[in-house]
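Down below is the structure, laid out as structure tokens.
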């Protein structure tokens, strides 16, 4: 991420000092440097409310003030959970206050009497860090929103896919990595003699072994499933209670999560008549 000079000069800055001469000096310094959004107050008790309203990019804070000193003010600013970053540079003539100010949450300090070049440099550096931090926060928020939108689109696409596959086949099925059926739709009971509710989370095996196919077909399909391969129009058959033989074809593909870990299979099945089966074989 890169900032241009205009972004830094457009930052919102608040000067907090009970001495009018100090306020005027810093205001003039910032105006000469090109900063365009500078405000000030000599009433420290107003600062928390002003910051909640304006969300300043930088607060230049004098530590020695009546009614409320800079340490008390920083404690109030830190209590505002809406902003986890405290954009404060303290102004102090007391060397012993510097470490305490940093421990209280200040990001930097400027010694009094003020060195104008030092003031400009520290303000510029602080604003650069602050604005980059804000850009990163905005980028993270935008990224999270994009992920949510894409997730919703994927769910809608998945629902559409399932709807179309169910319309284009006699039954649709899914199972987890352990072989348990997690979803079955279609006339499975009538066609294959299987109870749907017994498949959801209970039955083990794959979509075809549960259908009592021949041992040869069973071995072939097990090999495909073990290798986590897709299979297309895999043929199998079963004999009804009345002795009638029925023929089916099943297709399936492995499913993987975002970490590329195998999570199961999904597929479709259709019943075919013997004439169609012979034509295709």
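Values in this text are rule-based calculations from the coordinates and carry no lab data. In this text, all values refer to a predicted model and were calculated from it rather than measured experimentally. Cβ: placed from backbone, ideal geometry, glycine included. Neighbour counts: every protein chain shown.
Overview of results
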item: Using a Förster distance of 41 Å, the FRET efficiency for residue 6-residue 256 (Cβ separation, nearest 0.05); result: 0.30
item: Simple label model, 7 Å out from Cα along Cβ direction - residue 177 to residue 273, nm; result: 4.4 nm
item: Taking 255, 65 and counting other C-beta atoms within 10 Å, the order from fewest to most; result: 255, 65
item: Estimated inter-spin distance, residue 156 and residue 27, nm [label 7 Å along Cα→Cβ]; result: 5.3 nm
item: Two-site FRET efficiency, residue 149 against residue 72, from Cβ-Cβ distance with R₀ of 51 Å, rounded to 0.05; result: 0.70
